[in-house]
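Take a look at the structure below.
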Amino acid sequence: MIDPEGLRLTLDYDPLSGKLRWKHRDDRSAQWNARMAGKHAGTINSNGYVEVRMNGHRYGAHRLAWIITHGVIPAGLTVDHVDRDPSNNRLANLRLATQSQNNANSLRKKSASGVKGVTWRADRNYWMARITINGRSVNLGKFATAPEAHAAYLARARAVFGQFARGAVSEGTKPMGEAEGGCREAKT
């Protein structure tokens, strides 16, 4: 567990920019202070998150920002990026969420249909909608078209996850067979 007071002695956080900076520390050498004090803390990892290395551990900058600002992250909750940009650590873009809500706010990275919650069952010749709720996959039915399946997914996601529900076209993925924002029809 990270000590909020110790963290505030180590890092400055600007809630408007979302940036963390190292503070001058009396418990560090003059060489460390000359090299680090006042400099941006953290690097972007392969998943796009800013990580800060302290005491031999890597911490998500979004988590550190929350702890500096609010003191703790309650048990069972995580810090979610409202806009799904893992490097945007502005305080207005951070909120507490359950893991299930955090997952609902993500977009599936590789979806053949191009939309979250929809898969094509080639062996059965239909579109299937499913959603994961608290770690359990729930089948929402089979559909003749991808838009029908996606509508079922969105309705259930909004009912279960409210403001955390996301379901737009996956980032970087164009739906097959249609212009941007559409979905391909069932194969015959």
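Hey, any hits in region 75-87 for a residue that's over 22 Å from residue 103 (Cβ atoms) and outside any loop (DSSP other than H, G, I, E, B)? Show your work before the answer.
Within region 75-87, the first condition is being over 22 Å from residue 103 (Cβ atoms), and the residues that meet it are none.
No, that holds for no residue.
Which residues, taken from region 54-83, are more than 17 Å from residue 19 (Cα to Cα) and in contact (Cβ under 8 Å) with a residue 40 or more places away in the chain?
Across region 54-83, the qualifying residues are 71, 72.
Output the number of residues of region 104-139 satisfying the condition of being outside any loop (DSSP other than H, G, I, E, B) and surrounded by fewer than 19 Cβ atoms within 10 Å (Cβ to Cβ). Can you show your working first?
Initial filter on region 104-139 (outside any loop (DSSP other than H, G, I, E, B)): 104, 115, 118-121, 126-133, 136-139.
If we keep only those that are surrounded by fewer than 19 Cβ atoms within 10 Å (Cβ to Cβ) as well, we get 119, 121, 126, 130, 132-133, 136-139.
Number satisfying all stated conditions: 10.
Quick note: the coordinates plus some simple rules give every number you see, no bench work behind them. Being a predicted model, the structure only gives us computed values, none of them experimental. Counting neighbours? That spans all protein chains shown, and the Cβs are built from the backbone with ideal geometry, glycine included.
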